[in-house]
1. What ³J(HN,Hα) values, in whole Hz, does the Karplus curve 6.51 cos²θ - 1.76 cosθ + 1.60 give for region 25-36 when θ = phi - 60°, with x put for Gly and Pro?
2. For the pair ALA21 and LEU95, what calculated FRET efficiency results from E = 1/(1 + (r/R0)^6), where r is the Cβ-Cβ distance and R0 = 22 Å, to the nearest 0.05?
3. Measuring with a 1.4 Å probe in the full set of protein chains, what accessible area per residue, in whole Å², belongs to the chain?
4. Non-local amide H neighbours of THR50 (under 5 Å, H modeled in plane, Pro and chain starts lacking H): which ones?
5. Assuming R0 = 25 Å, can you tell me the calculated FRET efficiency for the pair SER31 and ALA64, based on Cβ-Cβ distance, to the nearest 0.05?
6. For every other residue with a beta carbon closer than 13 angstrom to the beta carbon of GLY42, add +1 if it is Lys or Arg and -1 if Asp or Glu, then tell me the sum.
7. Positive end of the charge dipole of the chain (Lys, Arg +1 and Asp, Glu -1 on Cβ, about the Cα centre): tell me which of THR50, SER31, GLY100 has its Cα farthest that way.
Amino acid sequence: SSQAYTANFAVEFFDADRILACVSGPCQASSAGGVPLQVSVGSMVVTAATVHALELKFGAEGPAVPVSLVSADAVSKSSVLGATVPAFDCATCTLFDGSGTV
(Lines give C-alpha, C1' and ligand atoms only; values in the text may rest on other atoms or scores of the structure.)
Protein backbone atom coordinates (compact mmCIF):
# COMPACT_ATOMS: atom_id res chain seq x y z
CA SER A 1 0.00 0.00 0.00
CA SER A 2 1.15 3.55 -0.61
CA GLN A 3 1.62 6.17 2.09
CA ALA A 4 1.47 9.95 1.94
CA TYR A 5 3.81 12.23 3.90
CA THR A 6 3.61 15.93 4.66
CA ALA A 7 6.65 18.16 5.17
CA ASN A 8 5.97 21.11 7.48
CA PHE A 9 9.21 22.85 6.54
CA ALA A 10 11.04 23.90 3.39
CA VAL A 11 12.55 21.04 1.44
CA GLU A 12 15.44 21.52 -0.98
CA PHE A 13 16.37 18.93 -3.56
CA PHE A 14 19.84 18.61 -5.05
CA ASP A 15 20.46 16.98 -8.37
CA ALA A 16 24.12 16.59 -9.35
CA ASP A 17 23.10 16.39 -13.03
CA ARG A 18 21.89 19.99 -13.00
CA ILE A 19 24.41 22.53 -14.20
CA LEU A 20 24.10 26.28 -13.66
CA ALA A 21 26.23 28.61 -15.77
CA CYS A 22 26.14 32.30 -16.62
CA VAL A 23 25.22 33.14 -20.20
CA SER A 24 27.66 35.35 -22.18
CA GLY A 25 30.58 35.53 -19.83
CA PRO A 26 31.60 35.17 -16.21
CA CYS A 27 29.16 35.49 -13.30
CA GLN A 28 30.10 39.00 -12.22
CA ALA A 29 28.02 41.99 -11.12
CA SER A 30 28.31 45.27 -9.23
CA SER A 31 28.13 45.04 -5.42
CA ALA A 32 25.38 47.68 -5.63
CA GLY A 33 23.12 45.14 -7.36
CA GLY A 34 20.50 45.91 -9.97
CA VAL A 35 22.40 44.10 -12.72
CA PRO A 36 20.42 41.80 -15.03
CA LEU A 37 21.80 38.27 -15.18
CA GLN A 38 20.98 35.30 -17.39
CA VAL A 39 21.82 31.75 -16.33
CA SER A 40 21.61 28.51 -18.24
CA VAL A 41 20.27 25.54 -16.30
CA GLY A 42 21.11 22.09 -17.69
CA SER A 43 18.96 19.01 -17.04
CA MET A 44 15.93 21.13 -16.16
CA VAL A 45 13.18 22.33 -18.45
CA VAL A 46 11.26 25.25 -17.01
CA THR A 47 7.93 26.28 -18.47
CA ALA A 48 5.89 29.47 -18.27
CA ALA A 49 3.58 27.59 -15.89
CA THR A 50 6.37 26.60 -13.46
CA VAL A 51 8.83 29.52 -13.54
CA HIS A 52 6.88 31.37 -10.82
CA ALA A 53 7.88 28.65 -8.33
CA LEU A 54 11.62 29.26 -8.83
CA GLU A 55 13.96 31.80 -7.30
CA LEU A 56 17.72 32.34 -7.24
CA LYS A 57 19.60 32.86 -4.00
CA PHE A 58 22.95 34.64 -4.00
CA GLY A 59 25.10 33.38 -1.12
CA ALA A 60 24.08 31.87 2.19
CA GLU A 61 22.56 35.08 3.55
CA GLY A 62 21.70 36.90 0.37
CA PRO A 63 18.09 37.45 -0.61
CA ALA A 64 16.27 35.11 -2.96
CA VAL A 65 15.11 36.84 -6.13
CA PRO A 66 12.39 35.81 -8.58
CA VAL A 67 13.37 34.61 -12.04
CA SER A 68 11.86 34.95 -15.49
CA LEU A 69 11.91 32.40 -18.28
CA VAL A 70 14.06 33.54 -21.20
CA SER A 71 13.99 30.29 -23.18
CA ALA A 72 13.55 26.55 -22.77
CA ASP A 73 14.55 23.58 -24.93
CA ALA A 74 12.82 20.28 -24.19
CA VAL A 75 15.15 18.38 -26.57
CA SER A 76 18.36 19.38 -24.77
CA LYS A 77 16.53 19.54 -21.40
CA SER A 78 17.83 23.02 -20.63
CA SER A 79 16.44 26.45 -19.81
CA VAL A 80 17.73 30.00 -19.67
CA LEU A 81 16.48 32.08 -16.75
CA GLY A 82 16.78 35.80 -16.09
CA ALA A 83 17.06 37.58 -12.74
CA THR A 84 18.27 40.87 -11.29
CA VAL A 85 21.30 40.57 -9.00
CA PRO A 86 20.59 41.96 -5.51
CA ALA A 87 22.95 44.25 -3.61
CA PHE A 88 25.87 42.55 -1.85
CA ASP A 89 25.04 43.96 1.57
CA CYS A 90 24.25 41.08 3.94
CA ALA A 91 25.55 41.04 7.52
CA THR A 92 28.46 38.71 6.69
CA CYS A 93 29.17 39.95 3.15
CA THR A 94 32.71 41.29 2.90
CA LEU A 95 34.69 42.74 0.04
CA PHE A 96 38.41 42.02 -0.38
CA ASP A 97 40.29 44.20 -2.88
CA GLY A 98 36.93 45.35 -4.19
CA SER A 99 35.60 41.86 -4.84
CA GLY A 100 33.23 39.57 -2.95
CA THR A 101 32.29 35.98 -3.67
CA VAL A 102 28.97 34.28 -2.96
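The values are calculated or read from the model by the stated rules, or taken from the named source; none is laboratory data. Please read all numbers here as calculations on a predicted model, not as lab measurements. Using ideal geometry, Cβ is built from the backbone for each residue, glycine included, and neighbour counts are taken over all protein chains shown. For accessibility, only protein heavy atoms count, side chains too; no ligands or nucleic acids. Shrake-Rupley method; radii C 1.70, N 1.55, O 1.52, S 1.80 Å.
1. Running phi through 6.51 cos²θ - 1.76 cosθ + 1.60 with θ = phi - 60° gives x, x, 7, 9, 7, 5, 5, 6, x, x, 8, x Hz.
2. On the way: r = 24 Å, r/R0 = 1.10.
The pair LEU95/ALA21 has a calculated efficiency of 0.35.
3. Values: 7620 Å² over 102 residues.
Accessible area per residue, the chain: 75 Å².
4. none
5. Details: r = 18 Å, r/R0 = 0.72.
The calculated FRET efficiency here is 0.85.
6. Working: positive: ARG18, LYS77; negative: ASP15, ASP17, ASP73.
In short, -1.
7. THR50
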